[in-house]
Structures are given as C-alpha cells and as structure tokens.
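A quick write-up on the structure given underneath.
The values are calculated or read from the model by the stated rules, or taken from the named source; none is laboratory data. Values in this document were obtained by computation on a predicted structure and should not be read as measured data. Positions of Cβ are backbone-derived with ideal geometry, glycine not excepted, and every protein chain shown enters the neighbour counts. Just so you know, the surface numbers come from the protein's heavy atoms only, side chains and all, with ligands and any DNA or RNA stripped out. Shrake-Rupley method; radii C 1.70, N 1.55, O 1.52, S 1.80 Å.
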Amino acid sequence: AFENSTGQIDVKNMEFDDYESLPTHDVGVHMMAGAAAGVLEHCVMYPVDCVKTRMQSLKPNPNAVYKGIFDGFRRMTINEGRFTVFRGMNVVVCGAAPAHALYFSCYEFVRQSLGGKEPGHHPFANAVAAIIATTVHDAAMTPVDAVKQRLQMYKSPYKGAIHCISDVYKSEGIKAFYRSYTTQLLMNIPFQCSHFLVYEYLRETLNPARTYDPKTHVVAGAAAGAIAASLTTPLDVAKTLLNTQEKSAISNSNKRYITGIFNALKTIYSVRGIPGYFQGLRARVIFQMPSTAICWSVYEFFKHFLFMSQVSKKESLF
C-alpha cells in the first residue's frame with residue numbers, strides 16, 4: 001500500500017494515519033524503541049514504585065507505615081530527604097534499557113511469526129509472544145529488582161547499588177540475585193498475558209481502522225496495566241519478600257532465608273493472613289496504570305520515528 005512502481009516505500013505519499021500498518025519488521029527499531037520506553041517508564045514512575053515496595057512490607061518499622069502513596073511520598077521526603085524516593089533508580093536505568101529492548105523485540109518477532117499483526121484479534125499469538133518476551137525480560141531484570149528493592153527499604157543498610165551488589169554477593173552468593181526469578185515468572189507471565197491481551201483487544205476495538213491515535217495507546221495501556229496489576233498483586237508481594245528478605249518477617253519462619261514462592265506465600269499468610277497478599281494493591285495499580293500507558297505511548301512513538309528515519313535515509317539514496 002505504501003510502495004511506488006519501483007517497489008520502494010513511498011515516504012512522500014505515505015499518510016501519517018497509516019502508522020498502524022507500517023511494516024516494522026526491523027529488530028533494531030524494536031530494540032531501540034523498547035529501550036527508550038523502558039527507561040522512561042521506570043524513571044517517571046520510580047518514586048511511586050519506591051513507596052509501593054515499602055507498603056508491601058509485612059512487618060514495617062512504625063516510622064514506615066503509610067496511609068497511602070501520597071502520605072508515604074510526603075513522609076519519606078520530609079523525614080529521609082528529598083532524594084530518598086529515587087534510591088536505586090540508577091541500577092534500574094542500567095537494567096531497563098537492555099531488558100526492554102529484548103522484551104519488545106522478542107514480542108514483535110514472535111507475534112509477527114504467528115500472524116498476530118494481521119487485522120483482527122489474535123489472542124493466541126499475543127499470549128505466546130508475551131510468554132516468550134517475559135521469560136527473556138525477567139532473566140535480565142530479576143537481579144536488578146533484587147538490588148533495587150533492597151535499596152528502597154526503610155533504613156536500608158546499603159550505601160548504594162555497588163555496595164548492595166558486593167555485600168549481597170559476599171554474604172548470600174549469586175543465587176540471591178535470582179531468588180525471585182521463578183516467582184517473577186509466575187507473576188509476570190499471567191501479568192503480561194492479560195496485559196497484552198487486554199491492550200491488543202482494546203487497541204483493535206478503539207482503533208479498528210488502525211490509524212495513528214496516541215490516545216488509544218494511552219487508554220488501552222492504562223486499562224491493561226490496571227487489570228493485570230490487580231490480578232497478580234499476591235505474587236508481587238511474594239516477589240518483594242523474596243527480594244528483600246525482610247528480617248522481621250523471616251524471624252517468624254525460623255529460617256535464615258526465604259526461598260521459593262510457596263515458602264514466601266506461607267510466610268505472608270503466617271504474618272499478615274489473607275490481607276497480606278494484597279499489601280500495596282492500590283499503590284501497585286496506581287503505579288501500573290500510568291506506567292504501562294507511558295511505556296506503550298513512548299514505544300509506539302519511537303518505533304514510528306525510528307522506522308520513518310530509516311526509510312527516509314533509504315529513499316534519499318534513490
């Protein structure tokens with residue numbers, strides 16, 4: 001539809017509304033767009049993520065009990081310094097770029113291979129693509145999350161990311177960085193499957209003509225994030241416990257470390273009961289809605305921008 005008589009893509013006559021049908025099969029485009037989306041998503045929403053981590057603590061310090069996100073943010077900045085809510089963001093930036101580059105490139109490749117980019121709804125292709133992309137993404141991000149969440153905890157004993165990595169490696173070994181990997185997968189596979197299924201369904205429903213429509217990415221992304229976050233909060237609480245190894249909670253289990261999802265879920269129940277599985281639910285939803293909206297909006301924009309830049313360069317050679 002966008003090619004001229006010589007078989008080249010006709011940039012001059014291509015309408016901006018033809019965005020959704022662009023043949024973006026370039027892995028480099030997906031990786032660069034994904035990296036940009038991942039970094040911006042995590043940076044913009046990092047303070048909320050920091051408060052969420054503390055709200056998921058099973059036996060928090062009395063000085064770290066918050067009524068909500070805004071109360072937590074206010075008290076953290078007043079009592080601990082204005083930059084407290086950004087502790088650990090540097091390690092996330094370093095990890096989010098390659099992790100999201102792999103995530104989106106894998107998702108687009110698998111989805112394309114299974115025919116998921118054809119007009120209409122393709123839940124099977126979207127789900128399979130989401131599972132494979134999540135497995136690769138989590139392999140890169142699990143160690144990052146382990147370091148990040150230890151730095152986010154109240155009165156963290158670590159001076160920074162390097163100190164945390166060094167100290168954890170010396171005291172707990174390399175396995176400490178992947179202690180929550182299986183839990184992360186068990187959480188993120190249903191999270192990402194429901195996320196992608198809802199996102200792609202809403203995008204097709206709200207924008208059946210497949211034209212470029214930024215508000216569709218925002219609305220579909222936010223709704224998908226909220227639904228997926230709500231469904232997987234119990235596993236997120238378990239992941240936080242495995243990553244932080246909260247000492248006050250571990251003391252109840254008579255173990256040196258908590259390992260495995262079942263031990264984590266059992267510990268949560270013994271400490272807080274059923275409500276413990278939903279610690280920080282509101283904070284998680286409030287974090288995920290704008291987070292996924294930002295991620296999809298930035299990704300789709302950069303994908304379009306980078307692809308069009310490449311096409312323009314090729315056209316200038318003819």
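Observations on the structure shown:
- Among residues of the range 106-125 being open to solvent by less than 10 Å² (accessible area, probe 1.4 Å) and touching a Gly at 6+ places or on another chain (Cβ under 9 Å), the one that is farthest from Met45 (Cα to Cα) is Ala125.
- Restricting Thr183, Thr211, Thr240, Thr205 to residues that are touching a residue at least 60 places away in the same chain (Cβ under 8 Å), open to solvent by 20 Å² or more (accessible area, probe 1.4 Å) and either farther than 24 Å from Arg54 by Cβ or in contact with a helix residue (DSSP H, G or I) (Cβ under 9 Å, 6 or more places away or on another chain) (or both) narrows the list to Thr211.
- Index of the failed condition, Ser251 passing every other in (1) in contact with a helix residue (DSSP H, G or I) (Cβ under 9 Å, 6 or more places away or on another chain); (2) at negative phi: (1)
- The conditions of being more than 21 Å from Ser156 (Cβ to Cβ) and either buried (at least 22 other Cβ atoms within 10 Å of the Cβ) or in contact with a Pro (Cβ under 8 Å, 6 or more places away or on another chain) (or both) are met by Gly225.
- Consider the range 152-177 and keep the residues that are in a helix (DSSP H, G or I) and crowded, with 16+ Cβ neighbours inside 10 Å. The one that is farthest from the chain's Cα centre (by Cα) is Val168.
- Any hit, the range 242-259, residues being out of contact with any Pro (no Cβ under 8 Å at 6 or more places or on another chain), charged (D, E, K, R) and closer than 30 Å to Val298 by Cα: no
- Qualifying position, being free of Cβ contacts under 8 Å to residues at least 24 places away in the same chain, at positive phi and of a type outside the set (Lys, Arg), among Gly260, Gly273: Gly273
- Across the range 113-149, the number of residues qualifying as touching a residue at least 12 places away in the same chain (Cβ under 8 Å), closer than 14 Å to Glu200 by Cα and either touching a Pro at 6+ places or on another chain (Cβ under 6 Å) or among the hydrophobic types (A, V, I, L, M, F, W, C) (or both) comes to 5.
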